[in-house]
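Read-outs throughout are calculated quantities, based only on the coordinates presented, and are distinct from any laboratory measurement. Just so you know, these numbers come straight off a predicted model, no measurement behind them. Here Cβ is always computed from backbone atoms with ideal geometry, including for glycine, and neighbour counts include all displayed protein chains.
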Amino acid sequence: MSSNARTMNTKAFRAVAALGLIVAVGLATASSAQSASITTNKAATTDKAATPNGAAVTNTAATPVPAALVPPAGNHEVARFAASGVQIYQCVGGVWTFVEPAASLVGYETTSHRPNQAIHFRGPSWESVTDGSLVEAKSIASSPVDGSIPQLLLQAGTTRGDGVFGKVTYVQRLNTKGGAAPTSTCTDGATQSVRYTAAYHFFAANG
């Protein structure tokens, strides 16, 4: 990884920690605002050993995944994570403009159910702090969410390592809450961080 990438990585992680937004290990706790509700195309299920302490993540399937956000045939899900963090904006020309995300993720590999933790930062990129693997992707499809950042389908461009993200081809950002750009007036150069939560699903090519 380049020195610039490492610097952005460190800044993103510190931003999350400073804001007190590290995802609680007990994702199955009672607070609905902080719970890790993950959307799937199937009926509600419960996956065991989904978090580092063995707590279960309930997949509510409250809203179906939009068709435009489903990866092409020939790809299968390899991991899913719950994220909590911020979307960072800067005032440019009197308008709040997106700069980068800074989030912490807790999740698991869907086949083995091995727990994994990661950070999300500029790129957009996701890096596992468990195994060191990384994926950088770009958005190729979007589905709006009232009052929140949109749900997305992203296609991987760069990957690194043999871990959870090493062979990722597509990423879904689902169940977004918060994170939308401020609507207030602003002074050029000002920055603002807006809290958000989301579920990230990662896919790899079959075979």
### Task
Could you tell me the largest-minus-smallest coordinate of the C-alpha atoms of segment 84-171 on each of the three principal axes, in descending order and whole angstroms?
47, 23, 23
#### Entry: Nonlocal amide H pairs with residue 110, under 5 Å, H built at 1.01 Å
79, 80
### Query
Which net charge results when you count Lys and Arg as +1 and Asp and Glu as -1 among the other residues whose beta-carbon is under 9 Å from that of residue 201?
+1
### residue 163 long-range amide H proximity, modeled H, under 5 Å
133
#### Entry: Gain upon complete extension [residue 205, residue 95; 0.36 nm per residue less C-alpha separation]
35.6 nm
